[in-house]
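J.: The structure is given below, and queries will be raised subsequently.
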Amino acid sequence: GAGVSQSPRYKVAKRGQDVALRCDPISGHVSLFWYQQALGQGPEFLTYFQNEAQLDKSGLPSDRFFAERPEGSVSTLKIQRTQQEDSAVYLCASSLAPIGARNQPQHFGDGTRLSIL
Amino acid sequence: DAKTTQPNSMESNEEEPVHLPCNHSTISGTDYIHWYRQLPSQGPEYVIHGLTSNVNNRMASLAIAEDRKSSTLILHRATLRDAAVYYCILRPIIQGAQKLVFGQGTRLTINP
């Protein structure tokens with residue numbers, strides 16, 4: 001279908017390696033979000049884009065985490081020098097609305113499950 | 001961000017109604033009440049939202065208390081596919097970020 005697509009679905013990396021996670025939002029969606037979900041917990045906000053502008057990165061846990069959306073569509077979340085505590089499911093969501101339209105639902109992908117050995 | 005409180009888990013039987021409660025005693029007048037659910041191995045899925053009046057859609061109904069300090073998500077006839085974690089989330093109308101703030105949610109088990 002035309003939902004949010006994330007790749008890879010699963011990623012295993014050794015501690016210290018860099019990883020890149022990809023998100024393809026729904027076509028035409030202005031807003032894009034990244035969330036991190038630890039096992040047994042609810043998702044936690046990482047960062048937010050409106051088109052190509054990163055308007056909120058308050059949830060990024062350290063400077064090892066970096067996100068970009070250079071052309072306002074596809075986004076990549078990069079984690080440098082991975083550590084075991086980075087193991088989690090990383091979820092991407094998109095919504096049609098620009099900032100100010102509060103009730104547009106967010107449409108989520110099925111996430112990338114990252115395991116750091 | 002205003003906080004919500006939900007039971008950790010609930011259990012129901014297939015083809016019976018399910019009432020999932022949520023307390024939000026610190027809700028402000030500008031907070032919308034949103035519900036999402038997360039099926040196993042999937043991302044969260046929007047269910048319904050409301051402000052003051054009760055709301056119905058094809059998935060569920062949302063009953064909001066008159067003082068808005070609590071709400072109930074109603075699944076009218078549960079199926080096995082409704083087994084999921086259900087999250088009650090407050091979204092302020094004003095403020096900058098549109099992020100969703102998830103709590104622990106309620107894990108709903110449906111018995112055949």
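J.: Could you please give the count of residues in the range A:6-25 that are outside any loop (DSSP other than H, G, I, E, B) and either under 12 Å from residue A:76 (Cβ atoms) or out of contact with any strand residue (DSSP E or B) (no Cβ under 7 Å at 6 or more places or on another chain) (or both)?
T.: 8
J.: Taking the range B:41-70 as the search range and keeping residues that are out of contact with any Ser or Thr (no Cβ under 9 Å at 6 or more places or on another chain) and of a type in the set (Gly, Ala, Ser), which one is surrounded by the most Cβ atoms within 10 Å (Cβ to Cβ)?
T.: Residue satisfying both the conditions and the ranking: B:43.
J.: Determine which member of the set A:58, A:31, A:27 is at the interface with chain B (Cβ under 9 Å from one of its Cβ atoms) and without any contact (Cβ under 8 Å) to a residue 60 or more places away in the chain.
T.: Of the residues listed, the single one that is at the interface with chain B (Cβ under 9 Å from one of its Cβ atoms) and without any contact (Cβ under 8 Å) to a residue 60 or more places away in the chain is A:58.
J.: Residue B:20 - would you say it is away from chain A (no Cβ under 14 Å) and either among the aliphatic types (A, V, I, L, M) or touching a strand residue (DSSP E or B) at 6+ places or on another chain (Cβ under 6 Å) (or both)?
T.: Yes: the conditions hold for residue B:20.
J.: Which one of A:77, A:60 is part of a strand (DSSP E or B) and either surrounded by 14 or more Cβ atoms within 10 Å (Cβ to Cβ) or not β-branched (Val, Ile, Thr) (or both)? Give the steps one after another, and end with the answer.
T.: Working: A:60 fails: part of a strand (DSSP E or B).
Result: A:77 is the single residue among A:77, A:60 that is part of a strand (DSSP E or B) and either surrounded by 14 or more Cβ atoms within 10 Å (Cβ to Cβ) or not β-branched (Val, Ile, Thr) (or both).
J.: Residues B:37, B:81, B:68: which one is touching a residue at least 40 places away in the same chain (Cβ under 8 Å) and assigned to a strand (DSSP E or B)?
T.: Within the list B:37, B:81, B:68, the selection yields B:37.
J.: Separate question: For the range A:84-103, what are the residues that are touching a residue at least 60 places away in the same chain (Cβ under 8 Å) and within 14 Å of chain B (Cβ to nearest Cβ)?
T.: A:90, A:91, A:92, A:93, A:94, A:95, A:96, A:97, A:98, A:99
J.: Yes or no: the range A:64-83 includes at least one residue that is without any contact (Cβ under 8 Å) to a residue 24 or more places away in the chain, aliphatic (A, V, I, L, M) and within 14 Å of another protein chain (Cβ to nearest Cβ).
T.: no
Every residue, every condition in (1) of a type outside the set (A, V, I, L, M); (2) in contact with a Phe, Trp or Tyr (Cβ under 6 Å, 6 or more places away or on another chain), yes or no:
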{"position": "A:19", "(1), (2)": "no, no"}
{"position": "A:51", "(1), (2)": "yes, no"}
{"position": "A:61", "(1), (2)": "yes, no"}
{"position": "A:73", "(1), (2)": "yes, no"}
{"position": "A:77", "(1), (2)": "no, yes"}
{"position": "A:95", "(1), (2)": "yes, no"}
{"position": "A:109", "(1), (2)": "yes, no"}
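J.: Let me ask another. Would you mention how many residues in the range B:60-112 are within 14 Å of chain A (Cβ to nearest Cβ), farther than 25 Å from residue A:40 by Cβ and under 15 Å from the mean Cα position of the chain (by Cα)?
T.: Adding up the residues that qualify gives 1.
J.: If you don't mind, another one. Tell me, please, whether a residue that is at pLDDT below 95 and not in a loop (DSSP other than H, G, I, E, B) can be found in the range B:10-31.
T.: Yes: one or more hits.
J.: Hey, another quick one. Scan the range A:34-55 for residues that are crowded, with 17+ Cβ neighbours inside 10 Å and either within 19 Å of residue A:112 (Cβ to Cβ) or within 8 Å of another protein chain (Cβ to nearest Cβ) (or both) and jot them down.
T.: Across the range A:34-55, the qualifying residues are A:34, A:35, A:36, A:37, A:42, A:43, A:44, A:45, A:46, A:47, A:48, A:49.
J.: Still on this structure, I have one more. Name, by its number, the condition in (1) modelled with pLDDT of 95 or more; (2) closer than 21 Å to residue A:108 by Cβ; (3) of a type in the set (Lys, Arg) that does not hold for residue B:69.
T.: Status for residue B:69: all satisfied but (2).
J.: Is there a residue being within 12 Å of chain A (Cβ to nearest Cβ) and buried (at least 17 other Cβ atoms within 10 Å of the Cβ) anywhere in the range B:4-17?
T.: Checking the range B:4-17: at least one residue is within 12 Å of chain A (Cβ to nearest Cβ) and buried (at least 17 other Cβ atoms within 10 Å of the Cβ).
The values are calculated or read from the model by the stated rules, or taken from the named source; none is laboratory data. Keep in mind the model is a prediction, meaning the values are calculated, not measured. Ideal geometry is used to build each Cβ from the backbone, glycine not excepted, and the neighbour counts take in all protein chains shown.
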